[in-house]
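To start, the structure itself, in structure tokens.
The values are calculated or read from the model by the stated rules, or taken from the named source; none is laboratory data. A quick note: this is a predicted structure, and the numbers were derived from the prediction, not measured. Positions of Cβ are backbone-derived with ideal geometry, glycine not excepted, and every protein chain shown enters the neighbour counts.
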Amino acid sequence: MPALSILIWLPLACGLLGAIVGLRSERVPGLLALLGSLAALGLAIGYIADYHSAGAHLQHVTDVVWIAELGIHYKLAITGLNVFLVGLTTLLFFAATLAANMRSWDRPSLFYFHFMLAESAVLGAFLAQDLALFVAFFDLMLIPFYFLIGGWGREPGRVKATIKLVIYTLVGSLLMLAAAIATGVLAAQQGGGHITFVLSSLQALPLSTGSQEWIFLFFAAAFLVKMPAFPLHGWMPDGYRAMPIEVLMVFSGVLSKVGAYGFLAIVLPLYPKAAVHFQTLMLLIALASIIYGSMQAFSQRDARLVAGYSSVAQLGFITLGIFALNEQGAQGALLQMVNHGLVVAPLLFIVGLLAQRAGGSEDVREMGGIAFRAPVLATIFLVVALATLAMPGSSNFVGEFLILLGVFKAKLAIAIIAFSGVVMASVYALRLFIRAMHNRVGKSVDSREISLMDGLVFAPLLGVIVFLALYPQFALHRSEGSVKSAVFEAQALAGNPHAQFHYFSGTASTAAIASTEP
Amino acid sequence: MATAVSTPTMDPNVSKFVGAKRKLFINGKFVDAASGKTFPTFNPATGEVEDTDVGFPGPVHAIAERAIPMRVAMGLLAVGAVGAGLVQIPKTDFVIDDFLRPTFATSKLYEPHTKNGLLVVGLGLGTVLGLLGIALAHRLWVARPGAATAIRTRTPLGRALYELFYNKWWFDELIDALVVAPMAAAGRFARDTFERRVIDETIVGGVSGIVRAGSAAVRAAQNGFVRYYAALLVLGVAGVGFYFLLQT
Amino acid sequence: MTYVPLYSPAIATTHLKGPHVDFAGLSPLIALLGGAVLVLMVGLLGHRFVRSQVVPALSLGALGAALGLTIWQWNANKSIVSGALRVDDLALTLNLILIAGGACTVLLAWRSQASREAAHGEFHALLLTSIGGMSLLASAQNTVALFVGLELLSIPLYVLCATEMRREHSLESGLKYLIVGSVGSATLLYGLAMIYGATGATDFGAIASALSNGSLATDPLTLTGIALCVAGLCFKASVAPFHQWTPDVYEGAPTPVTAFMAVTTKVAALGVFLRFFDVALIATHASWGPALAVLATITILVGNVGALGQSSLKRMLAYSSVAQAGYILAGVVVATRLGVQATVFYLAVYLMMNLASFAVIVARERETGLGDDLQAVAGLGRERPWLAWPMTISMLALAGIPATAGFIGKFYLIDATVAGGYTWLGVAIVVGSMISLGYYLPVLAAMWMREAPAGLGRGDAGRSSASAPGPSGGPLPALAGGSPELDPGDELASAGASADVPAVPAVQTPATQPEVLAVAVLAGAATIFFGIIPQPLFDLVHGAGAALGLL
């Protein structure tokens, strides 16, 4: 397999090439971007196929010293935690680029340049194994979206919305920068030795509890704003309203996952004592996100915001799973990250298609009866809606089940209340489906079947949804080792008993879990 | 009410016409009434209001099982139900128990091949009640037609029971009042009030308000007069000097 | 009483032994000051070509010579002029930054209104003298040398600010700078005098050893002296609450001069902070460390918050430079080797970021008639991508976005502050960055997301930078600077004075002047380059950190 750097920088290279060549031609940037994202998708599939869950924790490692004085390494690796997220990213960007190619954009070379820069930055954030590099990619990935929303967004207030979104997110991210630097410095001071930011080295240099706590809070601020979680979701409604659909597909599908991934891959292994200390707080925030997000989702009139608030609720479930601080919860969270991305992107694309069929309006009160001349669209929408509400038989159900099982073991009361979130999910998913597709035909509705190109956008996404629904073990098995090592210390500190029963291997066992490795 | 249609599929134009709101054909055009009023159409068989706005051709009702596919499906379900009942007859066969044993073997609540006699009592009671129900239904509807209507119209208890059953125990209304309405109200509260007041105005607006107030203060202090700047400089020097002198 | 005859054989045969003059060590300074004299002389020549082309070329030549001599003196590590100046890696690195800033200023000022009005020779001579003063300041090891350098840097700047004589704001800016600057210098001098009174020495090394002897460190005279020095130097470096002059002066001065001030004055002032506080006053670190930290925090907050909502780009950049001074001061506060390295690194990066944006402002001022208003850069992304991208990179770098050198600089500074035990100061830097987004992002929005203001075309509005209309209608009297010796080809200067509104273009300026564009593109490219491959800069500042002998 080629080096990981190629996977990360290939989209950006295609974007740059497209920007240069695109000065002459309007179609070329879009096609080049499509080629770039397709190539990245191919590489990602190769990495998934090549990943050995029984092998070392970090695979396909690239480790180059970037800034020797500060101990920052340009270190990339595939782990069980990020292998599927990388696949998700490339898949969603491919689908979104395909969808974007179906429209004509003003200044296309610039548009696709920013799009591809965003893909490179997100891939870098997932693959980074150095704390400073992760923070750098995390902050960087927001800037192309600033330009995409501000320059090509939907009119009322796109500039204000994008400034608000960027500042709100960067408030958290900059706090995380300070915390990350403090981690490196304090780890070197307290543990002795040269300053370093490489994650595996930092894991061997635990910080004192006091330091861990404020650093944890700063990291939590950044990730909670990113996901977003209640009550830090204030940027979401305006931001979601302003984005073009193709941009929103990747924003909602992928960017929020970087926050959740950060919790699992960085916060839990590096700051386990703080994670245990703040476990109840985080679970409560997650619970509030689930309930508030669901309540908003089934009350919203704008179809986009239904999807947006449902994302708040789903990411609440993911946070819940992560802070259950045991393997089931974390496994479920990781699976749900992939699932939610796979489901929200087609959902948003469908919202765009619905708007085309309802006279340009995304208000559900204007929709209705769209299914009658668009059976394929209705079927696809139904599959996506059922997956959103975690219908048993879908991979989302497996993920949610594992999350709730994990939380059930950790904090019973919170789990019981969280179950209501499952019910509310079905309310908002079905409400959207029924009000858009069934009942009386809306006043300005002019329904038609989806085109072949629309189908091409859906095909890979639905294919993977169905595949994972039939065989979720594929994802669970490969990520098991990494997830276990990520939650190991936090779990031990939280005093959760190790699983008495291994669901996946079918044997009852209380064997200690193998310790972490560099 | 969507029902299966046993007639051949209609041409879309026809079904559109049939499903459209009826208007008055005057002067070669379909027009609304001058007053704008409409009246509902009733289904003569059941007396309920016809919903003619639903997209599919509405007004044709038929018993579902007339269609072959439906009959096949129902038949399969019936066979399956019987089969499912047969596999776990208490004290006789334990197919499901054995199937589930690996999953529940380590649970404290698991008891293989229960020998509990209550199961048989329950089975028997259920069978008896079922047979009684069939007998009652036969008597009311088949043996003496009109008996049901007589009970309903002549006895107050009958009337009350009929209302209860006809309105599905008001179960829907109960759920609506206990669960749906409060949730919807909570959702509306979240959407209209909470999101605006707390999230937007307090958190986002509050923080940016503080920053903007600071900005206004700083810019107000920058009024352009040199003597003012010099005064502030002197004040600053005094402040710094005071701090340092405290160190002695 | 014996008296010595006027002429004595003994005296005639004795060679007077003068002090040893290390010309090699002084050579960069000599190049600068000598160049100033040369440029001044050449500028007296009558021919217009000589004045407008040869003079700037000569100043570039002087700067080039200084650069070469600086590199020649690398690794010298010696004290010259009886210990008054020190030529070490810190001084030489700062010299490099100053020369780069000076060269870019010369390029920006090549065709500027200010240079024309000031008779090129004077303008460039003042510029070179100021740079000479800054270079002196960066190597000063003696309080007297410090003051000389400070005045040598400041007084030409007072004049340079006022060179667009027909524009009221420019005169106002020069006058304000003069008055308030004098107060600041006086405060500093008073403080230096008190320190001399307390320690009995003017040499930094001697002051340090005097202060390390116990009781002097808490003596009221010493501490008052230190307080006054803090105030005076903070004034020069635009640290709050002594920053009040900065917005008005920066906004009023001609843009090339603003660029010069914004960058090089800070380099010099913060360089002297490093030398004075980390060498001379190091024994009293416990006293001035927390004070400077608090001042830095206040500066960061005031600077960032003051820039919000500004519609004038120069004023916004003035407040932004106040905030950046706060960030850089944090590197001084910790008084560690890492702190010195971080400070010098950020100063180098700061140069690149600021020059990019100022170059774009200069270019747009000359192309449109809107001065430095935000509207002047509206729609730039579509019309002039070669200007829009450097401005974008500059704004993002100032905000500390990754992939730019600004991110690495901030990272380094926060690293130094946390390692020095001032974690809360690192958090303050980060909070400042958050607030700063509120005024950098709207500039990006104006460039890429809005349309250019109507009625503006390339070469359409030929007015150049001196566009703020004067209060009166007629030409200014001689007292206010009206001068008949102006270049005869300068219709604009005489026409512009009588205009109340952006008037008929008298001079057609070319689309974008290549030297300004070159500065913008180079600075932007350097910012991105060092954001991705910062190692060369790290190697450069490594020696600077070791120079002061700190831990």
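At a glance:
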item: Only one of C:ALA210, C:ALA193, C:ALA217 that is among the small types (Gly, Ala, Ser), within 14 Å of chain B (Cβ to nearest Cβ) and either part of a helix (DSSP H, G or I) or surrounded by fewer than 18 Cβ atoms within 10 Å (Cβ to Cβ) (or both); result: C:ALA217
item: Residue check, C:ARG366 modelled with pLDDT under 95 and away from chain A (no Cβ under 14 Å); result: yes
item: Test: residue in region A:69-84 that is surrounded by fewer than 20 Cβ atoms within 10 Å (Cβ to Cβ), within 14 Å of another protein chain (Cβ to nearest Cβ) and outside any helix (DSSP H, G or I); result: yes
item: Members of region C:385-401 that are assigned to a helix (DSSP H, G or I) and crowded, with 24+ Cβ neighbours inside 10 Å; result: C:LEU387, C:PRO390, C:MET391, C:THR392, C:ILE393, C:SER394, C:MET395, C:LEU396, C:ALA397, C:LEU398, C:ALA399
item: Subset of region C:164-222 (residues that are in contact with a Lys or Arg (Cβ under 9 Å, 6 or more places away or on another chain) and under 26 Å from C:SER82 (Cα atoms)); result: C:SER185, C:LEU188, C:PHE204
item: Identity of the residue in region B:171-190, in contact with a helix residue (DSSP H, G or I) (Cβ under 8 Å, 6 or more places away or on another chain) and within 13 Å of A:VAL427 (Cα to Cα), that ends up nearest to the other protein chains (Cβ to nearest Cβ); result: B:GLY187
item: Region A:184-195, residues that are part of a helix (DSSP H, G or I), more than 8 Å from chain C (Cβ to nearest Cβ), free of Cβ contacts under 8 Å to residues at least 40 places away in the same chain and not polar (S, T, N, Q); result: A:ALA187, A:GLY191
item: Subset of region C:172-194 [touching a Cys at 6+ places or on another chain (Cβ under 7 Å) and not hydroxyl-bearing (Ser, Thr, Tyr)]; result: C:GLY174, C:LEU188, C:GLY191, C:LEU192
item: Evaluation of C:MET261 against (1) in a helix (DSSP H, G or I); (2) closer than 22 Å to B:PHE244 by Cβ; (3) touching a residue at least 60 places away in the same chain (Cβ under 8 Å) (one fails), failing number; result: (2)
item: Scope region B:194-248; condition at the interface with chain C (Cβ under 7 Å from one of its Cβ atoms) and part of a loop (DSSP other than H, G, I, E, B); matching residues; result: B:GLN222, B:GLY224, B:GLN247, B:THR248
item: Residues that are farther than 20 Å from A:GLY151 by Cβ and either in contact (Cβ under 8 Å) with a residue 60 or more places away in the chain or more than 9 Å from every other protein chain (Cβ to nearest Cβ) (or both), drawn from region C:375-401; result: C:ALA397, C:LEU398
item: Unique match (being within 14 Å of chain B (Cβ to nearest Cβ) and either more than 24 Å from C:LEU221 (Cα to Cα) or of a type in the set (D, E, K, R) (or both)) among C:GLY289, C:GLY309, C:GLY271; result: C:GLY309
item: Positions within region A:345-372 being of a type in the set (D, E, K, R) and either more than 29 Å from the chain's Cα centre (by Cα) or in a helix (DSSP H, G or I) (or both), in sequence order; result: A:ARG357, A:ARG365, A:GLU366
item: Pair list, Cβ < 8 Å and 6+ apart or interchain, from region C:31-50 residues that are at pLDDT below 90 to residues that are of a type in the set (A, V, I, L, M); result: C:GLY43/C:VAL55; C:GLY43/C:ALA119; C:GLY43/C:ALA125; C:VAL50/C:VAL42
item: Candidate set: region C:304-332, residues that are among the polar types (S, T, N, Q) and not in a helix (DSSP H, G or I); chosen: the one surrounded by the most Cβ atoms within 10 Å (Cβ to Cβ); result: C:GLN310
item: Given (1) within 19 Å of C:LEU437 (Cβ to Cβ); (2) in a loop (DSSP other than H, G, I, E, B); (3) more than 14 Å from every other protein chain (Cβ to nearest Cβ), number of the condition C:ALA335 does not satisfy; result: (1)
item: Subset of region C:149-190 that is of a type in the set (Lys, Arg) and away from chain B (no Cβ under 11 Å) - its residue that is surrounded by the most Cβ atoms within 10 Å (Cβ to Cβ); result: C:ARG167
item: Boolean, A:VAL427 is part of a helix (DSSP H, G or I), free of Cβ contacts under 8 Å to residues at least 24 places away in the same chain and under 30 Å from A:ASN326 (Cα atoms); result: no
item: A:VAL21 β-branched (Val, Ile, Thr), out of contact with any Gly (no Cβ under 8 Å at 6 or more places or on another chain) and farther than 28 Å from A:VAL185 by Cα; result: yes
item: Enumeration of residues in region B:198-226 that are loosely packed, with under 12 Cβ neighbours inside 10 Å and at pLDDT below 85; result: B:ASN223, B:GLY224
item: Elements of type helices (runs of 4 or more DSSP H) contained in region C:53-161, each with 3 or more residues being of a type in the set (A, V, I, L, M) and in contact with a Ser or Thr (Cβ under 7 Å, 6 or more places away or on another chain); result: C:89-109, C:120-139, C:143-161
item: Where a residue in region C:184-198 is under 11 Å from C:LEU221 (Cβ atoms) and its partner, wherever it lies, is acidic (Asp, Glu) and modelled with pLDDT under 95, with Cβ under 6 Å and at least six apart; result: C:ALA198/C:ASP219
item: Residue identified as at pLDDT below 50 and either surrounded by fewer than 20 Cβ atoms within 10 Å (Cβ to Cβ) or not in a loop (DSSP other than H, G, I, E, B) (or both) among A:GLY506, A:GLY455; result: A:GLY506
item: Contacts under 9 angstrom Cβ, first residue in region A:397-421 being closer than 11 Å to A:LEU283 by Cβ, partner of a type in the set (Ser, Thr, Tyr) and assigned to a helix (DSSP H, G or I), 6 or more apart; result: A:LYS411/A:THR280; A:ILE414/A:THR280
item: Criterion: closer than 27 Å to C:VAL541 by Cβ, within 11 Å of chain A (Cβ to nearest Cβ) and either touching a strand residue (DSSP E or B) at 6+ places or on another chain (Cβ under 6 Å) or crowded, with 24+ Cβ neighbours inside 10 Å (or both) - qualifying residue of C:THR423, C:THR404; result: C:THR404
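Okay, residues lined up against (1) within 9 Å of chain C (Cβ to nearest Cβ); (2) modelled with pLDDT under 90:
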residue	(1), (2)
A:PRO156	no, yes
A:ALA182	yes, no
A:PHE197	no, no
A:LEU224	no, no
A:PRO228	no, no
A:LEU232	no, no
A:TRP235	no, no
